[in-house]
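Structure, as structure tokens:
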Amino acid sequence: MKTLKALKAELLVNPETRAEYEAQAEEFAIARELIAARTRAGLTQADVAERMGTTQSTVARLEGGKATPSLRSVQRYAHAIGCRAVVRLERV
């Protein structure tokens with residue numbers, strides 16, 4: 001059985017697959033940051049949902065990385081976990 005790391009390396013050899021993967025990098029970075037901040041706060045998705053006045057499935061979608069959440073949603077999420085959202089632009 002292959003490890004996830006080995007499978008990822010194998011799939012990313014294909015230039016089309018790599019391009020699609022890299023195109024989603026920003027969405028996944030946002031998702032990773034949301035999950036990491038929630039984990040540091042010691043909260044579950046259900047906890048965050050309750051504090052946001054929404055459902056756990058909505059929080060799961062925010063953390064899913066399949067779409068870029070609105071800035072307002074990120075701000076509400078941040079407030080719910082006791083943080084503040086900061087936007088930073090970096091040169092590429």
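The values are calculated or read from the model by the stated rules, or taken from the named source; none is laboratory data. These numbers were taken from a predicted model, which means no experiment stands behind them. All Cβ positions, glycine included, derive from the backbone under ideal geometry; neighbour counts span all protein chains shown.
Looking only at the range 40-54, decide whether some residue is under 11 Å from the mean Cα position of the chain (by Cα) and among the aliphatic types (A, V, I, L, M).
The answer is no; no qualifying residue exists.
Could you go through the range 8-23 and let me know if any residue there is under 18 Å from Cys83 (Cβ atoms), surrounded by fewer than 16 Cβ atoms within 10 Å (Cβ to Cβ) and not aromatic (Phe, Trp, Tyr).
No, the range 8-23 contains no residue that is under 18 Å from Cys83 (Cβ atoms), surrounded by fewer than 16 Cβ atoms within 10 Å (Cβ to Cβ) and not aromatic (Phe, Trp, Tyr).
Could you look through the range 50-86, keep only residues that are touching a helix residue (DSSP H, G or I) at 6+ places or on another chain (Cβ under 6 Å) and charged (D, E, K, R), and pick out the one that is nearest to Glu20 (Cα to Cα)?
Going through the qualifying residues, I end up with Glu63.
Give Ile30, Ile81 a once-over and let me know the one that is within 15 Å of the chain's Cα centre (by Cα), of a type in the set (A, V, I, L, M) and at pLDDT 95 or above.
Result: Ile81 is the single residue among Ile30, Ile81 that is within 15 Å of the chain's Cα centre (by Cα), of a type in the set (A, V, I, L, M) and at pLDDT 95 or above.
Quick check on Gln75: is it under 16 Å from the mean Cα position of the chain (by Cα), surrounded by 13 or more Cβ atoms within 10 Å (Cβ to Cβ) and in contact (Cβ under 8 Å) with a residue 12 or more places away in the chain?
Judged against the criteria, Gln75 is not a match.
Checking the structure you have, find out if any residue of the range 66-75 is on the phi > 0 side of the Ramachandran plot, touching an Asp or Glu at 6+ places or on another chain (Cβ under 6 Å) and not aliphatic (A, V, I, L, M).
So far as the range 66-75 goes, no, none of its residues is on the phi > 0 side of the Ramachandran plot, touching an Asp or Glu at 6+ places or on another chain (Cβ under 6 Å) and not aliphatic (A, V, I, L, M).
Before we move on, is Thr39 at pLDDT 95 or above, part of a loop (DSSP other than H, G, I, E, B) and not small (Gly, Ala, Ser)?
For Thr39, the condition - at pLDDT 95 or above, part of a loop (DSSP other than H, G, I, E, B) and not small (Gly, Ala, Ser) - is not met.
If you go through the range 24-50 one residue at a time, how many are loosely packed, with under 13 Cβ neighbours inside 10 Å, under 13 Å from Leu62 (Cα atoms) and of a type in the set (Val, Ile, Thr)?
0
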